[in-house]
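The values are calculated or read from the model by the stated rules, or taken from the named source; none is laboratory data. None of these values were measured; they are calculated from a predicted model. Ideal geometry is used to build each Cβ from the backbone, glycine not excepted, and the neighbour counts take in all protein chains shown.
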């Protein structure tokens, strides 16, 4: 048996670790590339959203490498994610891959139990203790990566030599992926945090801050958003992003069932404009704009083209009374990088002018 | 005399302007890019050389448009700026109290919202070419009307027909339908103008507050039918600044002037010899990862000047 799963940001790192610890043979499909996109687009319904197409591409590539058990997420929410496995499974079967698709349901209340049960099903021989330990190790990697990424976001606009933080981040990602024990993971994390802090920075830098919000997959998958965080770093912008897969897992697995919700304040802030979940991350996108309009100089709203929840959010975001500029970018396979860079450059020019004016206005 | 050169290399047209020290336009040039940006830049520069007043020196040069980086490398630009910022700078130069800039070109259209002399918001067409010059071009072709006389003919309309302008495909079938019903060409033309203005305001200007004074720039501002359609819908006067078809290049030249004066150490302009240089562009597929990025490179006399097109900075870092 070989387990495969789709990509989504750096989610493959904890998953690979987990399966390795459990002694399960697993295939990590090649990172998202033009090939995965082409495959996904070719076999998807034309109007499906980008995450659907890319994850389908990943699953096909995993099957090509011999995966016969695929793990994919599904939900019973208001967005198309609910249909993903329903449609992707027959497409794979039509293509001649008879891999079993195991579904992880995102709309359950007790996801932690759900995911542990899923691992137990995949690796029947393992004891609960072994599963918990493997899970813990995977999540620790996830947490450390998240922490390092937050630091990278801070260093990028301040570094003197553009690209240093990025190179270190890539190195760190590989090192963490390869770490084989908690102690080596600890050392790697400490090591890279020191290295990142050691990057020569401009002490007088006063970068503008841009919040990135929108649909979680395109926000967190660099291939889908054309490395928007890196590009913004090159333009000297500090990126703030509330969304992260690690935080998602942390809250959804342990804290939400206890009644603690990290988005409560954000959703409440959206109340004057939107009082209910519209699917995806639409509610949060609106709330984030309202809540952080003082903190951010501007916001970038990323969403898959034809994404209903975020289209609702987009239309509300452009007209709230808390006014900060919002740049909406629809991500799909037709998007050209040149066009996106032009918009980013112009957006940053605009924010910088406003930033200068604000600074002059308040001594 | 000090002069400043602005170059706007767009997907359809290439624009050159020369400004004098007081930012007055001396000369402007409008060429079709024809998919050969480097050749057009070199040709354009040759024309500039012929038109430049005797005793004048190019003190600064700015490039903009979708081929701005390429143009910047070929010419040796002092500043490379995106077309949105350049259009805003130019609009502010001609109409200092402008609050809204409508810019419609061949392939794209933009709106720039300006308050107190600062651009505060902008919008740009994203996934569709409806609401751009090519839409009009296309429909004019269908009606066998020269694009130059489109506007004048449209103004003769008395009973404009309503045409679905959301999408070029639907607009076309709707227009054919109206033709078959026997409506006058003038009425269809003005109907198209209204459809385009509506489409622009519903898509690009969605959620933006369009305040007076409104400045209309870009090639489509030649079309008086469109101007009237905007005036009717917005119920305000539309200002079309002089040289509206080259405002992007004017903005680039103004920014170059600012940059050179501020930096105070001469221009990076490679000189008029550029026209005779043998620039070579080539591309190859990087095989380092499954992305297979198309890397483009430009070289001069066998020396590589720049590479671009990769998702990572692998090729940017290879010494050129």
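State which residue is nearest to the other protein chains (Cβ to nearest Cβ) when the search covers only region A:20-36 and only residues that are within 21 Å of the chain's Cα centre (by Cα) and surrounded by 19 or more Cβ atoms within 10 Å (Cβ to Cβ). So that I can check it myself, show each step before the final result.
Applying the first criterion (within 21 Å of the chain's Cα centre (by Cα)) to region A:20-36 yields A:27-36.
Add one more test, that the residue is surrounded by 19 or more Cβ atoms within 10 Å (Cβ to Cβ), and what stays is A:27-29, A:32-33, A:36.
Working: A:27: 15, A:28: 13, A:29: 10, A:32: 9, A:33: 4, A:36: 8 Å.
Per the stated criteria, the residue is A:33.
Would you pick out the residues in region B:200-215 that are more than 20 Å from residue B:155 (Cβ to Cβ), part of a helix (DSSP H, G or I) and in contact (Cβ under 8 Å) with a residue 40 or more places away in the chain?
B:203
Sort out which residues of region A:223-264 are within 14 Å of chain B (Cβ to nearest Cβ) and more than 24 Å from residue A:350 (Cα to Cα), and write them in order of number.
Step one: of region A:223-264, the residues within 14 Å of chain B (Cβ to nearest Cβ) are A:223-231, A:233-235.
Across region A:223-264, the qualifying residues are A:223, A:224.
Name every residue in region A:321-345 that is within 10 Å of another protein chain (Cβ to nearest Cβ) and over 25 Å from the mean Cα position of the chain (by Cα), in order of residue number.
A:323
With region A:268-363 as the region, which helices (runs of 4 or more DSSP H) entirely inside it contain at least 1 residues that are touching a strand residue (DSSP E or B) at 6+ places or on another chain (Cβ under 6 Å) and farther than 20 Å from residue A:225 by Cα? Spell out the reasoning first.
Values: elements: A:282-291, A:308-317, A:337-361.
By residue number, A:337-361.
Quick grid of which residues meet (1) within 15 Å of residue A:156 (Cα to Cα); (2) more than 22 Å from the chain's Cα centre (by Cα); (3) assigned by TED's automatic domain parsing to the domain that holds residue A:343:
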{"site": "A:192", "(1), (2), (3)": "yes, no, no"}
{"site": "A:222", "(1), (2), (3)": "no, no, yes"}
{"site": "A:233", "(1), (2), (3)": "yes, no, yes"}
{"site": "A:248", "(1), (2), (3)": "no, no, yes"}
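Pick from B:88, B:129, B:164: which is within 21 Å of residue B:32 (Cβ to Cβ) and either at pLDDT 90 or above or in contact with a helix residue (DSSP H, G or I) (Cβ under 8 Å, 6 or more places away or on another chain) (or both)?
Working: B:88 fails: within 21 Å of residue B:32 (Cβ to Cβ); B:164 fails: within 21 Å of residue B:32 (Cβ to Cβ).
The unique qualifying residue is B:129.
Just give me the residues in region B:57-84 being under 19 Å from residue B:259 (Cα atoms), in contact (Cβ under 8 Å) with a residue 40 or more places away in the chain and part of a loop (DSSP other than H, G, I, E, B), in sequence order.
Once the filter is applied, which keeps residues that are under 19 Å from residue B:259 (Cα atoms), in contact (Cβ under 8 Å) with a residue 40 or more places away in the chain and part of a loop (DSSP other than H, G, I, E, B), region B:57-84 yields B:65, B:76, B:77, B:78, B:81.
Against the definition (surrounded by fewer than 18 Cβ atoms within 10 Å (Cβ to Cβ), touching a helix residue (DSSP H, G or I) at 6+ places or on another chain (Cβ under 6 Å) and either assigned by TED's automatic domain parsing to the domain that holds residue A:213 or more than 28 Å from residue A:111 (Cα to Cα) (or both)), how does residue A:277 come out, yes or no?
Numbers: surrounded by fewer than 18 Cβ atoms within 10 Å (Cβ to Cβ): yes; touching a helix residue (DSSP H, G or I) at 6+ places or on another chain (Cβ under 6 Å): yes; either assigned by TED's automatic domain parsing to the domain that holds residue A:213 or more than 28 Å from residue A:111 (Cα to Cα) (or both): yes.
For residue A:277, the condition - surrounded by fewer than 18 Cβ atoms within 10 Å (Cβ to Cβ), touching a helix residue (DSSP H, G or I) at 6+ places or on another chain (Cβ under 6 Å) and either assigned by TED's automatic domain parsing to the domain that holds residue A:213 or more than 28 Å from residue A:111 (Cα to Cα) (or both) - is met.
Output the number of the condition that residue A:88 fails; it satisfies all remaining conditions of (1) within 26 Å of residue B:312 (Cα to Cα); (2) in contact (Cβ under 8 Å) with a residue 24 or more places away in the chain; (3) buried (at least 21 other Cβ atoms within 10 Å of the Cβ).
(1)
Out of the strands (runs of 3 or more DSSP E) lying entirely within region B:216-320, which hold 3 or more residues that are buried (at least 19 other Cβ atoms within 10 Å of the Cβ) and more than 14 Å from every other protein chain (Cβ to nearest Cβ)? Break it down stepwise before answering.
Numbers: elements: B:279-285, B:294-300, B:303-308.
Passing ranges: none, list empty.
Can you pull out the residues in region B:91-128 that are out of contact with any strand residue (DSSP E or B) (no Cβ under 9 Å at 6 or more places or on another chain), within 13 Å of chain A (Cβ to nearest Cβ) and in a loop (DSSP other than H, G, I, E, B)?
B:107, B:116, B:117, B:128
Within region A:91-113, how many residues turn out to be loosely packed, with under 15 Cβ neighbours inside 10 Å and part of a helix (DSSP H, G or I)?
Residues meeting the conditions: 3.
Please verify whether region A:203-210 includes one or more residues that are in a helix (DSSP H, G or I) and modelled with pLDDT of 95 or more. Can you show your working first?
The initial filter retains those residues of region A:203-210 that are in a helix (DSSP H, G or I), namely none.
Scanning region A:203-210, I find no residue that is in a helix (DSSP H, G or I) and modelled with pLDDT of 95 or more, so the answer is no.
So which residues in region B:34-52 are closer than 14 Å to residue B:272 by Cα and part of a loop (DSSP other than H, G, I, E, B)?
B:52
Step by step: first the residues of region B:65-87, then only those that are facing another protein chain (nearest Cβ under 10 Å) and over 12 Å from the mean Cα position of the chain (by Cα), then the one that is farthest from residue B:215 (Cα to Cα). Which residue is that?
Only one residue fits best here, namely B:69.
Against the definition (surrounded by fewer than 24 Cβ atoms within 10 Å (Cβ to Cβ), without any contact (Cβ under 8 Å) to a residue 40 or more places away in the chain, under 30 Å from residue B:282 (Cα atoms) and out of contact with any strand residue (DSSP E or B) (no Cβ under 9 Å at 6 or more places or on another chain)), how does residue B:36 come out, yes or no?
On the way: surrounded by fewer than 24 Cβ atoms within 10 Å (Cβ to Cβ): yes; without any contact (Cβ under 8 Å) to a residue 40 or more places away in the chain: yes; under 30 Å from residue B:282 (Cα atoms): yes; out of contact with any strand residue (DSSP E or B) (no Cβ under 9 Å at 6 or more places or on another chain): yes.
Criteria met by residue B:36.
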